[in-house]
Amino acid sequence: MTTLKTIIVLKRDPADMTISRTLDPDTGLKLFVEKNYFNPHLLVHNPFKTRIRKRYVQELLSRTTVYQVNTSGTPIETQKMIRSLVGVQQSG
């Protein structure tokens with residue numbers, strides 16, 4: 001059994017100088033809804049399924065810490081930022 005504590009949403013926007021930011025549950029939910037839950041393969045779009053998805057993600061985001069990380073830097077910079085957000089030490 002795994003307990004999810006942190007969600008990291010990646011974006012790539014060289015014009016945005018913010019490398020990472022914390023999202024409150026409402027902002028996170030809005031982002032998930034706008035981006036179609038980051039799933040281009042959702043086949044059923046009706047009020048029932050929309051309500052289920054929204055309720056699930058809302059509950060998930062309320063129980064976790066959500067970060068948005070801008071990946072426009074180098075891969076090493078991005079990995080370093082992600083590791084610092086989740087409290088993992090950089091190896092090597």
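The values are calculated or read from the model by the stated rules, or taken from the named source; none is laboratory data. Because the structure is a prediction, the values reported are computed rather than measured. Note: ideal-geometry Cβ built from the backbone for every residue, glycine included; neighbour counts use all protein chains shown. All accessible areas refer to the heavy atoms of the entire protein, side chains included, with ligands and DNA or RNA removed. Shrake-Rupley method; radii C 1.70, N 1.55, O 1.52, S 1.80 Å.
Points worth noting:
- Computed per residue of the chain from DSSP H runs no shorter than four, each worth -39500 (n - 2.57), the mean residue ellipticity at 222 nm is -13000 deg cm²/dmol.
- Of Arg55, Arg83, the order by accessible heavy-atom surface (1.4 Å probe, DNA, RNA and ligands excluded), from most exposed downward, is Arg55, Arg83.
- The residues of the chain have, on average, 77 Å² of accessible surface per residue, using a 1.4 Å probe with all protein chains present.
- Dipole of the chain [Lys/Arg +1, Asp/Glu -1 at C-beta], most positive-end residue of Phe48, Phe38, Ala15: Phe48
- Placing unit charges on the Cβ atoms only, positive for Lys and Arg and negative for Asp and Glu, gives segment 1-88 a dipole magnitude near 320 debye about its Cα centre.
- Take Ser20: with every protein chain present and a 1.4 Å probe, its accessible area is about 40 Å².
- Prolate/oblate/rounded label for segment 1-49 (Cα gyration tensor, a/c 1.5): oblate
- Total lysine pairs whose alpha carbons fall under 17 Å of each other in the chain (8 or more apart, or interchain): 7
- Accessible surface of Thr18, taken over heavy atoms with a 1.4 Å probe and every protein chain present, rounds to 60 Å².
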